[in-house]
1. Looking only at region 8-25, which residues are open to solvent by 80 Å² or more (accessible area, probe 1.4 Å) and either of a type outside the set (Phe, Trp, Tyr) or more than 21 Å from Thr56 (Cβ to Cβ) (or both)?
2. Of the numbered conditions (1) over 11 Å from Ala12 (Cα atoms); (2) β-branched (Val, Ile, Thr); (3) modelled with pLDDT of 90 or more, Val65 satisfies every one except a single condition; which is it?
3. Quick one: would you say Ile43 is closer than 25 Å to Ala12 by Cα and within 11 Å of the chain's Cα centre (by Cα)?
4. Suppose the filter is among the hydroxyl-bearing types (Ser, Thr, Tyr), open to solvent by 60 Å² or more (accessible area, probe 1.4 Å) and part of a helix (DSSP H, G or I); does Thr44 pass it?
Amino acid sequence: MSGEEQQNGKWAPWWIYVPVILGSNYVKQYLVQDLPVAVNAVITLVLVGTLFLIITVVYRSMRHVDR
């Protein structure tokens, strides 16, 4: 990602997404360890997509307040 893309406030920095998604995936694995792989994969995709959306919305709303 170029510096210009990071400065426009469209996306949160990568270091916000990574620990939140990895941490939640770790907790998810503990909770759904007995489910089939296909179900686990679907849950993972939904979880990652939802977290990505939430992080982006919160980041953009915080950037909007600063301006």
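The values are calculated or read from the model by the stated rules, or taken from the named source; none is laboratory data. Please read all numbers here as calculations on a predicted model, not as lab measurements. Ideal geometry is used to build each Cβ from the backbone, glycine not excepted, and the neighbour counts take in all protein chains shown. Each accessible area value is taken on the protein alone, full model and side chains, heavy atoms only, with ligands, DNA and RNA left out. Shrake-Rupley method; radii C 1.70, N 1.55, O 1.52, S 1.80 Å.
1. We begin by selecting, within region 8-25, every residue open to solvent by 80 Å² or more (accessible area, probe 1.4 Å); these are 8, 10-11, 14-15, 22.
Listed by number, the residues that qualify are Asn8, Lys10, Leu22.
2. Status for Val65: all satisfied but (3).
3. Working: closer than 25 Å to Ala12 by Cα: yes; within 11 Å of the chain's Cα centre (by Cα): no.
Answer is no for this residue.
4. On the way: among the hydroxyl-bearing types (Ser, Thr, Tyr): yes; open to solvent by 60 Å² or more (accessible area, probe 1.4 Å): no; part of a helix (DSSP H, G or I): yes.
Answer is no for this residue.
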